[in-house]
Amino acid sequence: METPRISPSLADGRSVVKRYCDNLPHTPGVYRMIDTQGGVLYVGKAKNLKNRVLNYVNTAALNSRLQRMIAQTASMEIITTRSEAEALLLEANLIKKFSPRYNILLKDDKSFPYIFFSGDHEFSRISKHRGPKTRKGKYFGPFVSARAVDETLTLLQKAFLLRPCSDNIFKNRTRPCLQYQIKRCSAPCVNKIAADQYKELVSQAQAFLSGKSRQIQDDLIAQMQHLSLQMNYEKASVIRDRLKAIQQVQQQQGMVMAIGDADVIGLQRQGADCCVQIFSFRGGRNYGNRTWFPAHTINYSDSEILSNFIGQYYQTQPVPSLILTSHLIEEAQLLEEALRLNTNYKVEIAHPLRGEKRDAIEQVTRNAREALIRHISVNATQREVMNGVQSLFGLEDVPQRIEVYDNSHIMGTHAVGAMIVAGPEGFTKNEYRKFDIKNPNTVPGDDYAMMREVFMRRFRKLQESAQSQENAPDDDIKKPDLILIDGGLGQLNAVSKVFEEMGIQGLVYVGIAKGPDRNAGREQFFIPGKEPFQLPPDDAVLHYLQRLRDEAHRFAIGAHRNKRSKSMRTSELDAIQFIGPGRKKALLHHFGSAGAVAAASIDDIQKVPGISKSTAQVIYQHFHGGEIEQ
């Protein structure tokens, strides 16, 4: 049998891996494949590091995707762990941190919302909560969609009449608000309900969210019947409305399972596309669902995709006692052990084949299938557009990273530059970046100089990496496949000059300028060495590029407004020693502005209440460079 030929680059990568294998221990751990620029290509775990990494040496047995990875491997990093479970947790953490191109990736790191009952007030407030659980009180969740929380909160207010207002509003009320009028609050702020009765409502709401809805309903029915027998029909009608609201909550939550806390995870695949859907149950009630479309799944089995999803997802989310999956996971026992390291209770991962749990799996899987069909339909159009972008600008491949730049200022003040990042899967908002224009030589309002400063700062690390071939932080040296500049020939020439001075070559950059009267649809495109051109107003690629340009414009304006607002909250007076909030307020009230204070004499400053002669001298010296007025 003829031995398959190995390309030089593949041979180089193979020799790198083999060299590391010589000193690897037979212990659990995590390994990273690193490219020539220091970027992480792949993160993997192993029960036996030496045996696992040796598999990559036999490149002929690897699929084409893994061969490409080995060909790009310039070095490796190894971390040993005490157990395979610890290795799994570390692998998930590193995948989230580095987003390696050859790993299965989840594109969502948002914290999930909770329903929160404040515990630092006599009349507990009910509200939506995100982030760390630092406040005193009780948290119910997580809900996997904000919409599920909002709908549940509205219905819980109807059912249990709990206040949603802040403590500050609560203490300043003198009469009931609209929430009381529409029967969504019991108005404890104006003593429409006693403290012990309100606490009972809070207890009922918390019991309901804990899965004791049947008991709550039975108690309310008994109260309503008792009030009816006493002919107290007004209070009985209030109970009736609360019962209806509770039934609405149950209908809104859809599936109800006779189990405590569980997550149900369904997987669907079609070709290279993959969808994972999760339904979250707490106290047996459906707390909503959420959908993911993991990247880089084409060469992975269903079991491997679900295993990677669970490992990454529960790095940031609470772990329920039961996880139900649509497919059998080969590493279920290892995952259970790893999840128990972060909890103080037993975690079970199960693949049910019958009964109520199987019904839940089928419903989740059906939702995943429908979501995948919608996703594929949308992506088909997106792929056509991205192919059009590749063709329009003569790119070697479909662009994976597009950077768009814009500046924002008012008459040169509070100037900022902005960069947004987009790709085939949409905007990558965690890589957006703003640049405060701070070069003292930049003339206010000089757009070309501002663009020049932005590009020099953005590509400085790329320049250093190209010159020294040393590793730099990965985020700083990511190379864009396409650069869009909001501006015409002047901005394009400024960027060309920056790249020429920095010695950076091989980047494709384009200026996009609005046409006459700044009409959308008549944009002109400027490419170095080519004549400007336009696209038809109904061209799908034009619409996509307009959307990118508009997003950069929105982000730049937002950064500018934030900078301007911050400056309005600060003053030159803040930099003066001995001038606190009280004296600052007195000075501004007396003179009207910091500029007027700077123009005042010591005698005038001394006339301000609370300002002594010595303090007046300090203020005067600050504005006049130490020169004391005679």
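Nothing in this text is a laboratory measurement; each read-out follows from the coordinates by a stated rule. The shown structure was predicted, so the numbers you read here are calculated from the model rather than taken from an experiment. Neighbour counts are summed over all protein chains in view; Cβ atoms, including those assigned to glycine, are modelled from backbone coordinates with ideal geometry.
Here are some notes:
- Evaluated with a Cβ-only charge set (Lys, Arg +1; Asp, Glu -1), the stretch 37-118 carries a dipole of roughly 180 debye about its Cα centre, given to the nearest 20.
- Separation of alpha-carbon centers, the stretch 29-44 and the stretch 283-330, rounded to whole Å: 24
- When each of the peptides 348-357, 26-35 is scored by the mean number of other C-beta atoms lying within 10 Å of its residues, the order from highest to lowest reads 26-35, 348-357.
- MRE, 222 nm, helices only [DSSP H, n ≥ 4, -39500 (n - 2.57), over the chain, to nearest 500]: -14000 deg cm²/dmol
- Dipole magnitude of the chain, debye to nearest 20 (Cβ charges: Lys/Arg +1, Asp/Glu -1, about Cα centre): 2080
- Above 22 Å, the calculated P(r) of the stretch 8-98 contains 22 percent of its Cα-Cα pairs.
- Packing-based ranking of 606-615, 45-54 yields 45-54, 606-615, ordered from highest to lowest mean Cβ neighbour count within 10 Å.
- For the chain, with +1 on Lys and Arg beta carbons and -1 on Asp and Glu, the positive-most of 127, 372, 544 along the dipole: 127
- Over every Cα atom in the chain, the radius of gyration and the widest Cα-Cα span, Dmax, amount to 31.4, 101 Å.
- For the stretch 433-448, 3J(HN,Hα) per residue [Karplus equation, 6.51 cos²θ - 1.76 cosθ + 1.60, θ = phi - 60°, Hz, x = Gly/Pro]: 8, 10, 10, 6, 6, 9, 6, x, 8, 6, 6, x, x, 7, 4, 5
- Within the stretch 278-404, all pairs of alpha-carbon atoms sorted by distance into 5 Å bins from zero give the percentages 2, 8, 15, 18, 17, 12, 8, 7, 6, 4, 1, 0.
- Relative contact order computed over the stretch 114-253 (Cα-Cα under 8 Å; 6+ residues apart), in percent: 22
- Two numbers describe the Cα atoms of the stretch 360-413: Rg and Dmax, which are 19.4, 60 Å.
- As a rough footprinting exposure proxy, the listed residues 150, 196, 447 were ranked by other beta carbons within 10 Å of their own, and the order from fewest upward is 196, 150, 447.
- Normalised contact order of the chain, rounded percent, pairs of Cα under 8 Å and 6 or more residues apart: 9
- Charge dipole (the chain, unit charges on Cβ, about Cα centre) - positive-most of 165, 222, 489: 222
- Of the residues 509, 102, the one with the fewest other Cβ atoms within 10 Å heads the list, and the complete ranking is 102, 509.
- Normalised contact order of the stretch 8-98, rounded percent, pairs of Cα under 8 Å and 6 or more residues apart: 41
- The Rg/Rh ratio for the stretch 572-623, using Cα coordinates for both the radius of gyration and the Kirkwood hydrodynamic radius, is 0.88.
- Packing rank of 234-243, 83-92, where each peptide gets the mean count of other beta carbons within 10 Å, highest leading: 83-92, 234-243
- Summary of the geometry: the stretch 436-459 and the stretch 93-170, compared by the centres of their Cα atoms, lie 41 Å apart.
- Sequence-distant residues sharing a close amide H with residue 322 (under 5 Å, placed H): 263, 348
- Residue order, fewest to most beta carbons within 10 Å, for 406, 538: 538, 406
- Residue 27 versus residue 65: modelled label distance in nm, points set 7 Å from Cα along the beta carbon direction: 3.2
- In sequence order, calculated HN-Hα J values of the stretch 233-242 (Karplus, 6.51, -1.76, 1.60; Hz; x Gly/Pro): 6, 5, 5, 5, 5, 5, 4, 4, 5, 5
- The chain - share of DSSP beta bridges that are antiparallel (%, nearest 5): 80
- Check: the stretch 114-253 dipole with +1 on Lys, Arg Cβ and -1 on Asp, Glu Cβ, in debye: 380
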